[in-house]
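Below you'll find the structure, written out as structure tokens, and then a few comments.
The values are calculated or read from the model by the stated rules, or taken from the named source; none is laboratory data. For clarity, every value in this text was computed on a predicted model and none was experimentally measured. Note that we place each Cβ from the backbone using ideal geometry, even for glycine, and neighbour counts take in every protein chain shown. Heads up: the accessible areas ignore ligands, DNA and RNA and are worked out on the full protein's heavy atoms, side chains in. Shrake-Rupley method; radii C 1.70, N 1.55, O 1.52, S 1.80 Å.
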2 protein chains.
Amino acid sequence: MQQAIQLALDNVPTGRGGPFGALVVCKGQLIATGVNLVTETSDPTAHAEIVAIRAACQKLSAFQLTDCELYASCEPCPMCLGAIYWARPTKFYYACNRQAATAAGFDDAFIYDEMSFAPTNRRIPGYCIPSELAARPFEAWAKAGNKIPY
Amino acid sequence: MQQAIQLALDNVPTGRGGPFGALVVCKGQLIATGVNLVTETSDPTAHAEIVAIRAACQKLSAFQLTDCELYASCEPCPMCLGAIYWARPTKFYYACNRQAATAAGFDDAFIYDEMSFAPTNRRIPGYCIPSELAARPFEAWAKAGNKIPY
């Protein structure tokens, strides 16, 4: 955890992105690290956890982090928590919580609050546009013989 | 929306990833498209919406999708909804909902349900490890003169 915090601290003077760091460990071995690169890379998804997860998956040539654990300097935001669920490490650890991120000027707690609202009631609203074609991709997926579930 | 659905449908026989498509529009102009590339790229974060958001931001050389809208063949999962909040388009549209994704074998609704639990009570639990060093990255960020808020 101290290494994740140090990554976060060291990222500030670089101007690459926010004060966040993360790393992925598998069976006691460090697999990959990540820092926030949002502003340097013009990528709003380049949070430390996402950068670390992507790097770890590349290193393992896998889209799953089986038997891995993630350490983050701050509680993962909903985007990063979602990424954790798709990558499926066994657990994760964090130092600061979402309230500390909010106090530092970040939207983490706000986005957690928004998650529970119906899509149309959110600050960035989402609207369902029904379509007769909507189900076709899932129908094709159900019938596909070459698919790799994830 | 028909184009987003067609992207999803066309992605199935390619074996690149799941049956999902998305695109970003700015003031009536198509900026970028995305399809699910999870299995092809070994990247669990390569959902259609994230791929489209990243591509749109690269095209605009910006980490914000100001005045943009996102169209997705299916309701964004929590990871992608989080990415939408960080990219800040004005709104988004979708065809299928999370229940349809669940029926097709995907974890979207499950992950939405998990979001509302305390970290330690989730299926992938998160544990806070307090540290005397934890606040230092945010303290450095508060004092940093060169920072770019996002």
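Would you please name the trypsin sites (Lys or Arg not before Pro) within the stretch A:1-78 that are DSSP coil residues with at most 15 other C-beta atoms within 10 Å of their C-beta?
Working: sites: A:16, A:27, A:54, A:59; in loops: A:16, A:27.
Answer by residue number: A:27.
Rounding to the nearest 20 debye, state how big the charge dipole of chain B is about its Cα centre with +1 on each Lys and Arg Cβ and -1 on each Asp and Glu Cβ.
Result for chain B is approximately 440 debye, rounded to the nearest 20.
Please list, ordered by chain and number, the residues whose modelled amide H lies under 5 Å from the amide H of residue A:74; skip anything fewer than 5 residues away on the same chain.
Amide H neighbours of residue A:74: A:21, A:95, A:96.
Please report the antiparallel percentage of the DSSP beta bridges confined to the stretch A:1-121, to the nearest 5. Provide the component values of the computation, followed by the final result.
Details: 11 of 16 bridges.
Percentage antiparallel, nearest 5: 70.
Out of the DSSP beta bridges found with both residues in the protein assembly as shown, what percent are antiparallel (nearest 5)?
Taking every DSSP beta bridge within the protein assembly as shown, about 60 percent pair in antiparallel fashion.
Just to be sure I understand: if you take the accessible area of chain A alone plus chain B alone and subtract the pair, with a 1.4 Å probe, what total do you get in Å², rounded to 100?
7400 Å²
For chain A, which whole-number percentage of the solvent-accessible area (1.4 Å probe, protein heavy atoms only) is attributable to carbon and sulfur atoms?
51 percent
Between residue A:131 and the same site in the other copies, what are the distances in nm, shortest first, taking label points 7 Å from Cα along the C-beta direction?
Going from nearest to farthest copy, the values are 4.5 nm.
What figure, in Å² to the nearest 10, do you get for the accessible area of residue B:61 with a 1.4 Å probe and non-protein molecules left out?
We get 90 Å² for residue B:61.
Determine the dipole magnitude for the stretch B:90-150: charges of +1 sit on the beta-carbon of Lys and Arg, -1 on that of Asp and Glu, nothing else is charged, the reference point is the Cα centre, and the result goes in debye to the nearest 20.
Working: 7 positive and 6 negative charges, 50 e Å.
Approximately 240 debye in magnitude.
Say a label goes 7 Å from Cα toward Cβ at residue B:91 in every copy; what distances in nm does this one have to the rest, shortest first?
Result, one decimal in nm: 4.4.
Quick one: ranking B:88, B:123 by accessible area, 1.4 Å probe, largest first, what do you get?
Result, largest first: B:123, B:88.
Determine the relative contact order of chain A: mean sequence separation of Cα pairs under 8 Å and six or more apart, normalised by residue count, in whole percent.
Result for chain A is 16 percent.
Mind listing the label-point distances from residue B:62 to the same position on all other copies, shortest first, one decimal in nm, points 7 Å along Cα→Cβ?
Taking the point 7 Å beyond Cα along Cα→Cβ, the inter-copy spacings are 4.0 nm.
For chain A, what does the helix formula give at 222 nm: sum of -39500 (n - 2.57) over DSSP H segments with n ≥ 4, over the residue count, nearest 500 deg cm²/dmol?
Per the formula, -11000 deg cm²/dmol.
What does the accessible area per residue of the stretch B:34-138 come to in Å², with a 1.4 Å probe and no ligands, DNA or RNA counted?
Accessible surface, normalised per residue, equals 35 Å².
Could you tell me which of B:61, B:83, B:72 has its Cα farthest along the dipole of the stretch B:54-150 towards the positive end, charges placed at Cβ (Lys, Arg +1; Asp, Glu -1), taken about the Cα centre?
Farthest along the dipole direction, towards plus: B:61.
Could you work out how far apart the two model spin labels at residue A:133 and residue A:103 are, taking each label as a point 7 Å from the Cα in the direction of the beta carbon, and quote it in nm?
5.1 nm
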